[in-house]
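Take a look at the structure set out below.
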Amino acid sequence: MIRRGLGEQFKIGLVRYAARTSARDRLRVTYTAPTSTAGAAPKPDPWNFWVFTFGLNGNSFGESSTSNLFLSGNFNANRTTDAWKLSIGTNFNRQRNRYTLSDRKVIAIVKNFGGNALVVKTLTPRWSVGTRITAGSQSSQNQDLSLTMGSGIEYNIFSYSQSTRRIFTLQYLLTANHFNWTAVTIYDKLSETHPGQSAVATMQFNHRGETSG
């Protein structure tokens with residue numbers, strides 16, 4: 001392939017010299033126009049606009065008097081089109097610490113789990129309305145269960161038609177929050193519900209490589 005490419009370049013360079021000889025009457029110049037992609041139908045997306053991410057992490061270390069084991073993972077699925085944005089995700093982490101004291105062993109375990117779902121309906125090229133639900137538990141925060149439901153508006157700095165390539169959204173929600181506490185709080189409560197609000201900024205850029213054969 002390299003030799004053929006070099007040969008073609010040499011031919012082009014020698015044309016002007018051949019044109020000055022008697023061989024010019026037997027020369028023919030041809031041109032191949034590039035294939036036009038204008039108006040071509042877009043390639044179908046085999047994933048139907050869904051983007052999946054998955055992560056898993058773990059580490060461990062220890063010695064005679066102490067040891068640590070940590071595990072974490074996450075999964076997210078997102079689908080964004082001109083009309084709708086759907087997102088679901090979950091994550092967890094677990095950490096176990098062991099300490100050997102002079103008179104006993106102490107084991108401390110911290111567990112956290114969370115899940116979320118988001119549904120957004122586009123109103124204009126940049127404005128939309130939606131609902132978000134999050135749930136989880138965090139032993140480090142004394143939370144046996146936390147549940148948040150909210151609805152609000154979202155503004156996309158880029159048009160939603162570009163959502164497969166880039167997203168930069170600003171979202172404001174009014175929420176209802178419910179908590180079940182593992183132990184009685186300092187306010188003598190095992191559960192409580194109260195209103196709230198949240199503001200979330202999200203930025204994402206995707207690059208899809210093209211191959212040809």
**OP:** State all residues of region 95-107 that are open to solvent by less than 50 Å² (accessible area, probe 1.4 Å) and of a type in the set (Lys, Arg); if no residue qualifies, say none.
**Re:** ARG98
Original post:
What is the number of the single condition among (1) without any contact (Cβ under 8 Å) to a residue 12 or more places away in the chain; (2) in a strand (DSSP E or B) that GLY196 does not meet?
Top reply: (1)
**OP:** Find all pairs meeting these conditions: Cβ atoms under 9 angstrom apart; at least six residues apart or on different chains; first residue within region 51-77 and in contact (Cβ under 8 Å) with a residue 60 or more places away in the chain; second residue surrounded by 14 or more Cβ atoms within 10 Å (Cβ to Cβ) and part of a strand (DSSP E or B).
**Re:** VAL51/ASN76; VAL51/ALA77; VAL51/ASN78; VAL51/ARG79; VAL51/THR80
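What are the residues in region 107-125 that are within 12 Å of GLU154 (Cβ to Cβ) and out of contact with any helix residue (DSSP H, G or I) (no Cβ under 7 Å at 6 or more places or on another chain), if any?
LEU118, VAL119, VAL120, LYS121, LEU123, THR124, listed by residue number.
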**OP:** Could you tell me whether region 157-174 includes any residue that is out of contact with any strand residue (DSSP E or B) (no Cβ under 7 Å at 6 or more places or on another chain), of a type in the set (S, T, N, Q) and over 24 Å from ASP45 (Cβ atoms)?
**Re:** no
**OP:** Those residues that are open to solvent by 100 Å² or more (accessible area, probe 1.4 Å) and either at pLDDT below 90 or more than 30 Å from TRP50 (Cα to Cα) (or both), I need them from region 194-212; list them, please.
**Re:** PRO195, MET203, PHE205, HIS207, ARG208, GLU210, THR211, SER212
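Does THR182 meet the test of being of a type in the set (S, T, N, Q), surrounded by 14 or more Cβ atoms within 10 Å (Cβ to Cβ) and closer than 30 Å to PRO46 by Cα? Break it down into steps so the answer makes sense when it comes.
Details: of a type in the set (S, T, N, Q): yes; surrounded by 14 or more Cβ atoms within 10 Å (Cβ to Cβ): yes; closer than 30 Å to PRO46 by Cα: no.
For THR182, the condition - of a type in the set (S, T, N, Q), surrounded by 14 or more Cβ atoms within 10 Å (Cβ to Cβ) and closer than 30 Å to PRO46 by Cα - is not met.
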Original post:
What number of residues within region 35-80 satisfy the criterion of being more than 21 Å from ASN97 (Cβ to Cβ), open to solvent by 100 Å² or more (accessible area, probe 1.4 Å) and at pLDDT below 90?
Top reply: 7
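Within region 145-165, how many residues turn out to be open to solvent by less than 30 Å² (accessible area, probe 1.4 Å) and not in a strand (DSSP E or B)? Spell out how you get there, then give the answer.
Initial filter on region 145-165 (open to solvent by less than 30 Å² (accessible area, probe 1.4 Å)): 146, 150, 152, 154, 156, 159-160, 163.
Next cut, not in a strand (DSSP E or B) only: 159-160, 163.
So the answer is 3.
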Subject >> Total residues in region 81-107, condition farther than 20 Å from GLY58 by Cα, at pLDDT 90 or above and either within 18 Å of the chain's Cα centre (by Cα) or of a type in the set (Asp, Glu) (or both) >> reply: 3
**OP:** Residue by residue through region 81-94, note down the ones that are more than 20 Å from ASP45 (Cα to Cα), polar (S, T, N, Q) and open to solvent by less than 60 Å² (accessible area, probe 1.4 Å).
**Re:** THR90, ASN93
Original post:
What residue, of VAL110, VAL120, VAL129, is touching an Asp or Glu at 6+ places or on another chain (Cβ under 9 Å), touching a residue at least 24 places away in the same chain (Cβ under 8 Å) and either open to solvent by less than 40 Å² (accessible area, probe 1.4 Å) or within 30 Å of GLY58 (Cα to Cα) (or both)?
Top reply: VAL120
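The values are calculated or read from the model by the stated rules, or taken from the named source; none is laboratory data. These numbers come from a predicted model, not from an experiment. All Cβ positions, glycine included, derive from the backbone under ideal geometry; neighbour counts span all protein chains shown. These accessible areas exclude ligands, DNA and RNA; they are computed on the full protein's heavy atoms, side chains included. Shrake-Rupley method; radii C 1.70, N 1.55, O 1.52, S 1.80 Å.
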